[in-house]
Amino acid sequence: MTSPVVKKAIDLIFEERKRQDAKWGVQHHPYLLYKAILDEELGELAEAWLQTHFGGDKGGAENVQKELVQVCAVSLAMLETLLECGAEPFIGASLDQTARPEVWEAVCEVHKLIKEVVDEGASERD
């Protein structure tokens with residue numbers, strides 16, 4: 001039997017996945033793009049944790065929980081893509097830069113765009 005705490009955690013992750021799909025649409029990215037998204041979310045989690053410890057407006061248990069849920073939701077989206085699309089589109093495009101250079105270039109381009117959006121968001125928050 002699932003404990004109430006585990007059920008609550010899963011519910012929060014599912015709600016975040018619904019929010020992500022509503023905002024961005026259902027997406028299936030190759031591993032490296034998901035890795036960039038996950039790294040960004042992990043950075044926000046680290047920031048929330050550090051500001052909880054050292055002080056800051058992005059600290060506090062509520063922000064840490066929010067960022068943890070987002071990390072879990074992105075991880076779940078990665079797993080959904082792997083299960084739905086199979087290993088080749090998910091992992092193969094990420095590892096073999098020479099066999100499919102157009103995919104690699106597209107992944108790198110999207111990574112740059114995500115970085116720009118993240119950087120813009122960070123400068124707006126500062």
Just to be sure I understand the filter: pairs with C-beta atoms under 7 Å, separated by 6 or more residues or on different chains, first member in segment 12-23 and closer than 17 Å to Asn63 by Cα, second member buried (at least 17 other Cβ atoms within 10 Å of the Cβ) and charged (D, E, K, R). Which pairs pass? none
Residue count, segment 36-51, condition within 27 Å of Ala87 (Cα to Cα) and not small (Gly, Ala, Ser), comes to 6
Of Glu62, Glu47, the only residue that is in a helix (DSSP H, G or I), surrounded by 14 or more Cβ atoms within 10 Å (Cβ to Cβ), modelled with pLDDT of 90 or more and not polar (S, T, N, Q) is Glu47
Has segment 20-35 got any residue that is surrounded by 14 or more Cβ atoms within 10 Å (Cβ to Cβ), of a type in the set (A, V, I, L, M, F, W, C) and under 26 Å from Gly86 (Cβ atoms)? yes
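Taking segment 1-18, which residues are loosely packed, with under 13 Cβ neighbours inside 10 Å, under 15 Å from Val74 (Cβ atoms) and of a type in the set (Lys, Arg)? Steps first, answer last, please.
Keep residues of segment 1-18 that are loosely packed, with under 13 Cβ neighbours inside 10 Å, which gives 1-8, 11, 15, 18.
Right, trim to under 15 Å from Val74 (Cβ atoms) and you get 15, 18.
Lys18 - this is the single residue of segment 1-18 that is loosely packed, with under 13 Cβ neighbours inside 10 Å, under 15 Å from Val74 (Cβ atoms) and of a type in the set (Lys, Arg).
The values are calculated or read from the model by the stated rules, or taken from the named source; none is laboratory data. Nothing here was measured: the structure is a model prediction, and the numbers come from that model. Using ideal geometry, Cβ is built from the backbone for each residue, glycine included, and neighbour counts are taken over all protein chains shown.
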